[in-house]
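Could you have a look at this structure, given as structure tokens, before my questions?
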Amino acid sequence: MQFIEITEQEYRSFWENHPLKTFLSAPEIGSLRKSNGWDVYFVGVKSNKKIIAAAMLVSHKRHFGKYEFYSPRGLLVDYEDKKVLNYFLSEVKKYVKSHKGYIFRMDPYVIYKERDIDGNLVEGGVDHSGVVSQLEEFGFKKVSIPDMEQVGWMFSLPLEGKTKEQLLKEMKPNTRNTIRKTEKIGITVKELGYDELDRFQNIMVETGERKNFSVRSVDYYKKMYELFHDKGEVKYYVTELDLVKYREKLENDKLVAEEKLAKLSDAKYNEGQKKNLKNEISSYDKRISEAEDIRKKKKTDVITLSGSMFMIIQPEIIYLSSGNYQEFMKFNSQYLLQWMMIQYGVEHGFKKHNFYGIPANINLHPKDYGIYEFKRGFNGIVEELIGEFELPITWHYYLIKLIHKIKNR
């Protein structure tokens, strides 16, 4: 085996066909880091003149002229092959040290233990505890969940071998019914162009303020668009509702209900049906009034309800970021967006639709997390990754840790 620096193109060719491929390990993410002042390196291991492992390393100067090194989503290597893994790690450690690195971090895109939809362990399922043990034996320290840079727990819907009809049938009834309602009332989905990304940003800002999370700048979303959009690997969508058409539909539906009511006799056996129809008509009146109030207040015929950002890179579609305007959450438009992308995934041969982050150890308190319940309604499985690890390279690691600890106090 031979450890070497490789070109970006060599890395890309290897990444394209690797089972651990994900957007965070794409060369474009290296370009994004570079635009923010990071250095980017590509390294690999060759055997018989063929690359058998590779990694993208990014580094940034920290304290005392020393550098932090990080491999987004870890090395592209068979983590079960102890010989190759140990060799690669040993060489990366030397490489980082020779480039004035004091720490090497990575968060491999490797499932820890297989879990079911409720987050419970699957008996006899995938178990990569041995990989964790090997990394710790090598000298890596596991980073605590709150300090991890990337998502450590995800919720995914396997698509392989499934039809759209099957997937819809396997959803929770409430989710399936909500999707149908969003289609019925006429919510539409619009893909945003580069010059429209401020619309997505505005939704994220409103959501971030409401839910108390930090939101990326519009420059980040624009940069991701520049890096990935031409290849169809990132898409930004908003959901919209035409209030004029919505009101017309409500009025037509109300008319149908009124006609049904008028045809019913005063016979006692019709009382239940008449009561239901009157409630239905009352509901239509209320929604018609609400639609008109929104139209007057917003001074527009078409309102924006929600927005989402998806990474679309084989073998998975990742639901990366999303937000909703609180006043329009009752329209449940995110359900329609997810269903649209799930269908796209089936049509284009993706293996899974990844709803992405959920709180850690969800099986211990599943009812406490609404976002998990939303994702769970589509069916799927909880995926726990092995986590983030950091490897001390020089004694500066311990000194810098101490400095950060004192600062945080």
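Check region 66-78 and report whether any residue there is out of contact with any Ser or Thr (no Cβ under 9 Å at 6 or more places or on another chain), among the aliphatic types (A, V, I, L, M) and surrounded by fewer than 19 Cβ atoms within 10 Å (Cβ to Cβ).
No, the conditions are met nowhere in region 66-78.
Here's the yes/no breakdown for (1) buried (at least 21 other Cβ atoms within 10 Å of the Cβ); (2) in contact (Cβ under 8 Å) with a residue 40 or more places away in the chain; (3) out of contact with any Cys (no Cβ under 6 Å at 6 or more places or on another chain):
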site: Y325; (1), (2), (3): no, yes, yes
site: V346; (1), (2), (3): no, yes, yes
site: Y372; (1), (2), (3): yes, yes, yes
site: E388; (1), (2), (3): yes, yes, yes
site: T394; (1), (2), (3): no, yes, yes
site: L402; (1), (2), (3): no, no, yes
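Follow-up. Answer yes or no: is there a residue in region 2-16 that is closer than 26 Å to L320 by Cα and among the hydrophobic types (A, V, I, L, M, F, W, C).
Yes, some residue in region 2-16 is closer than 26 Å to L320 by Cα and among the hydrophobic types (A, V, I, L, M, F, W, C).
Condition test on A26, is it over 24 Å from the mean Cα position of the chain (by Cα) and surrounded by 19 or more Cβ atoms within 10 Å (Cβ to Cβ)?
Working: over 24 Å from the mean Cα position of the chain (by Cα): no; surrounded by 19 or more Cβ atoms within 10 Å (Cβ to Cβ): yes.
No, not satisfied.
Pick from V45, V84, V40: which is surrounded by fewer than 21 Cβ atoms within 10 Å (Cβ to Cβ), assigned to a strand (DSSP E or B) and either on the phi > 0 side of the Ramachandran plot or out of contact with any Leu (no Cβ under 6 Å at 6 or more places or on another chain) (or both)? Lay out the reasoning, then the answer.
Numbers: V45 fails: surrounded by fewer than 21 Cβ atoms within 10 Å (Cβ to Cβ); V84 fails: assigned to a strand (DSSP E or B).
None of the other options fit; the residue is V40.
Looking at E373, E384, E390, E347 in this structure, which one is closer than 30 Å to F140 by Cβ, acidic (D, E) and under 21 Å from the mean Cα position of the chain (by Cα)? I'd like the intermediate steps shown before the answer.
Working: E373 fails: closer than 30 Å to F140 by Cβ; E390 fails: under 21 Å from the mean Cα position of the chain (by Cα); E347 fails: closer than 30 Å to F140 by Cβ.
Criteria check complete, one pass: E384.
Just checking, how many residues over region 348-370 are open to solvent by 60 Å² or more (accessible area, probe 1.4 Å), among the charged types (D, E, K, R) and in contact with a strand residue (DSSP E or B) (Cβ under 9 Å, 6 or more places away or on another chain)?
1
Whether any residue in region 151-168 is surrounded by fewer than 13 Cβ atoms within 10 Å (Cβ to Cβ), under 21 Å from the mean Cα position of the chain (by Cα) and modelled with pLDDT under 95 is what I want to check.
No, region 151-168 contains no residue that is surrounded by fewer than 13 Cβ atoms within 10 Å (Cβ to Cβ), under 21 Å from the mean Cα position of the chain (by Cα) and modelled with pLDDT under 95.
Report, ordered by the first and then the second residue, all pairs with beta carbons closer than 6 Å, sequence separation of six or more or different chains, a first member in region 285-301 that is within 20 Å of K254 (Cα to Cα) and touching a residue at least 12 places away in the same chain (Cβ under 8 Å), and a second member that is part of a helix (DSSP H, G or I) and open to solvent by less than 60 Å² (accessible area, probe 1.4 Å).
R287/L250; I288/L250; A291/L243; A291/Y246; R295/L243
Test V92 against the criterion of being touching a strand residue (DSSP E or B) at 6+ places or on another chain (Cβ under 8 Å) and more than 30 Å from R376 (Cβ to Cβ), and give yes or no.
On the way: touching a strand residue (DSSP E or B) at 6+ places or on another chain (Cβ under 8 Å): yes; more than 30 Å from R376 (Cβ to Cβ): yes.
For V92, the condition - touching a strand residue (DSSP E or B) at 6+ places or on another chain (Cβ under 8 Å) and more than 30 Å from R376 (Cβ to Cβ) - is met.
Of all residues in region 213-266, which are outside any helix (DSSP H, G or I) and of a type in the set (D, E)?
Looking only at region 213-266, we keep the residues that are outside any helix (DSSP H, G or I), and these are 213-217, 232-242, 264-266.
Within region 213-266, E233, E240, D242, D266 qualify.
Another question, if that's okay. With the condition kept exactly as written, say whether any residue in region 99-119 is over 29 Å from the mean Cα position of the chain (by Cα) and open to solvent by 60 Å² or more (accessible area, probe 1.4 Å).
Scanning region 99-119 turns up at least one residue that is over 29 Å from the mean Cα position of the chain (by Cα) and open to solvent by 60 Å² or more (accessible area, probe 1.4 Å).
Can you report the number of residues in region 204-221 which are surrounded by 16 or more Cβ atoms within 10 Å (Cβ to Cβ) and either of a type in the set (K, R) or closer than 20 Å to P146 by Cβ (or both)?
Here the count works out to 1.
Another question, then. Tally up the residues in region 1-19 that are in contact (Cβ under 8 Å) with a residue 40 or more places away in the chain, part of a helix (DSSP H, G or I) and under 23 Å from E80 (Cβ atoms), please.
Number satisfying all stated conditions: 3.
The values are calculated or read from the model by the stated rules, or taken from the named source; none is laboratory data. None of the values given here were measured: they were computed from a predicted structure. When we count neighbours, we look across all protein chains shown, and the Cβ atoms used for this are built from the backbone with ideal geometry, even at glycine. Accessible surface areas use protein heavy atoms only, side chains included; no ligands, DNA or RNA. Shrake-Rupley method; radii C 1.70, N 1.55, O 1.52, S 1.80 Å.
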